[in-house]
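Before I ask anything, let me first share the structure, which is written out below as structure tokens.
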Amino acid sequence: RSIMLKPFPQAFRLSELHCLFHTEMGRNQTSVTEFLLLGFCLDPRIQMLLFGLFSLFYTFTLLGNGLILGVISLDSRLHTPMYFFLSHLAVVDIAYACNTVPQMLVNLLKPDQPISFAGCLTQTFLFLSFAHIECLLLVVMSYDRYVAICHPLRYSVIMSWRVCISLVVTSWILGVLLALVHLLLLIPLPFCGPQKVNHFFCEIIAVLKLACADTHINEIMVLAGAVSVLVGPFSSIVISYIYILCAILKIQSGEGRQKAFSTCSSHLCVVGLFYVTAIIMYVGPRYGNPKEQKKYLLLFHSLFNPMLNPLIYSLRNKEVKDALKRMLEKERIS
């Protein structure tokens, strides 16, 4: 009888340990209320130098995109579908930069300054939303150029204001909904430490690596979202520009050909900067140890792209330059 009774206390102790283990795990999972962004692991003097440079770039981003918005709204000659889409792109670039750069600047000044759990998830959601919206807007802009060059006589009918507004609204709604899917999959995940995000901001893949659960479904959804929002649209843009190039080569007048090339080349530069870096980060090969390279590539993507977009459109686009000249002349006269 004594031999038969010995396993029961042992089994009871094991079950007690099992319950205590799960209780402790639950406490650890709910105890993570903030994250620490690693950002740049550099000398404090270099970080101060970067703070100055990035603050300057951030200011240029806001001023450049704000100037584009101002010129388009004030000059009636730019009240066309192309510049309507460009104004929304400028709004997205401003929001895109405002979501990530201020936190980056705070981390350069105070590397130990944490970000709250809710703030981190909000930043992830907004980053994905604005990235998706920009992808879709660039596709809409390429379609606009395709219709303008390949079907110029039917342009006003095809690209009516009703169609333009519908395309923009659809881009914003789809961008937010796609980001919401990732957020809803991210919220239930338990985070029980470590709390250090190896990035400049709460980028979704860097945050997923801190989860204390299987994130296989989340990673599949990130890849699927990247393929659907990046590879598919980029392929459609490439195809549309093949048709555009063929149509431009058929234009007889050199002035008309040059004007078509100038407007399309500006859009192509923006598309190249945005899509190539994004595809490398989220769809590119994952062998080796590309973490640091992709981290700095995303720095370029989130900091320099929004700053370069208005420069590309203002320097390479004759209509924008003429509008700027007219606006400056009015200021001098007044």
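With all protein chains present, calculate the accessible area of ARG154 using a 1.4 Å probe and round the result to the nearest 10 Å².
Surface accessible to solvent at ARG154 totals approximately 140 Å².
What accessible surface, in Å², does a 1.4 Å probe find on VAL106, ignoring ligands, DNA and RNA and rounding to the nearest 10?
60 Å²
Something else about it: Of the options VAL222, LEU128, GLY64, report the single residue whose Cα projects farthest towards the positive end of the charge dipole of the range 34-317 (beta-carbon charges: Lys, Arg +1; Asp, Glu -1).
GLY64
With a 1.4 Å probe and all protein chains kept in place, how much accessible area does LYS318 have, in Å² rounded to the nearest 10?
Counting only protein heavy atoms, LYS318 exposes about 130 Å² to solvent.
Restricting to lysine pairs 8 or more places apart or on different chains, what number in the chain have Cα atoms under 16 Å apart?
Going through the chain pair by pair, I get 11.
Between SER76 and LEU50, what's the calculated FRET efficiency when r is the beta-carbon distance and R0 is 56 Å? Round to 0.05.
Calculated transfer efficiency: 0.85.
Calculate the FRET efficiency for LEU42 and ILE239 from the Cβ-Cβ distance with a Förster distance of 41 Å, rounded to the nearest 0.05.
On the way: r = 43 Å, r/R0 = 1.06.
Plugging the Cβ-Cβ distance into 1/(1 + (r/R0)^6) gives 0.40.
Hey, for a label at PHE300 modelled as a point 7 Å past Cα toward Cβ, could you say which residues of the range 224-259 have their backbone N under 15 Å away?
none
For the range 147-179 and the range 73-141, write down the distance between their C-alpha centroids in whole Å.
Rounded to whole Å, the Cα centres lie 20 Å apart.
Next question, about the same structure. SER265 to CYS150: extension gain in nm, 0.36 nm per residue of separation minus the Cα-Cα distance?
In short, 39.8 nm is gained.
Still on this structure, I have one more. Between HIS182, HIS216, HIS301, where does the largest GNM mean-square fluctuation fall for the chain, given springs only between Cα atoms within less than 10 Å?
HIS216
For n ≥ 4 DSSP H runs only, could you compute -39500 (n - 2.57) per run for the chain, divide by its residues and tell me the 222 nm figure to the nearest 500?
My calculation for the chain gives -25500 deg cm²/dmol from helical runs alone.
Measuring with a 1.4 Å probe in the full set of protein chains, what accessible area per residue, in whole Å², belongs to the range 34-317?
Here the residues of the range 34-317 average 47 Å² of exposed surface.
In whole percent, how big is the carbon plus sulfur part of the accessible area of the range 48-116, probe 1.4 Å, protein atoms only?
The computed percentage sits at 73.
Is the shape of the range 58-145 best called rounded, prolate or oblate, per the rule: a/c under 1.5 gives rounded, else a/b larger than b/c gives prolate, else oblate, with a ≥ b ≥ c the square roots of the Cα gyration tensor eigenvalues? Please report the intermediate quantities before stating the final value.
Values: a/c = 3.87, a/b = 1.90, b/c = 2.03.
It comes out oblate by the Cα gyration axes.
Put a dot 7 Å past each Cα toward the Cβ at GLN252 and ILE220; how far apart are the dots in nm?
5.9 nm
Another question about this same structure. How high is the FRET efficiency from VAL157 to ILE280, r the C-beta distance, R0 45 Å, rounded to 0.05?
Between VAL157 and ILE280 the formula returns 0.70.
I've got another one for you. Which percent of the accessible heavy-atom area of the range 137-240 goes to carbon and sulfur, probe 1.4 angstrom?
Carbon and sulfur atoms account for 72 percent of the accessible area of the range 137-240.
Something else now. Among GLN252, SER236, HIS199, which residue has its Cα positioned farthest towards the positive end of the charge dipole of the chain, with +1 placed on the Cβ of Lys and Arg, -1 on the Cβ of Asp and Glu, and the dipole taken about the Cα centre?
Farthest towards the positive pole: GLN252.
The values are calculated or read from the model by the stated rules, or taken from the named source; none is laboratory data. Keep in mind that this is a model prediction, so the values were computed, not measured. Neighbour counts are summed over all protein chains in view; Cβ atoms, including those assigned to glycine, are modelled from backbone coordinates with ideal geometry. With ligands, DNA and RNA removed, areas are computed over all heavy atoms of the protein, side chains included. Shrake-Rupley method; radii C 1.70, N 1.55, O 1.52, S 1.80 Å.
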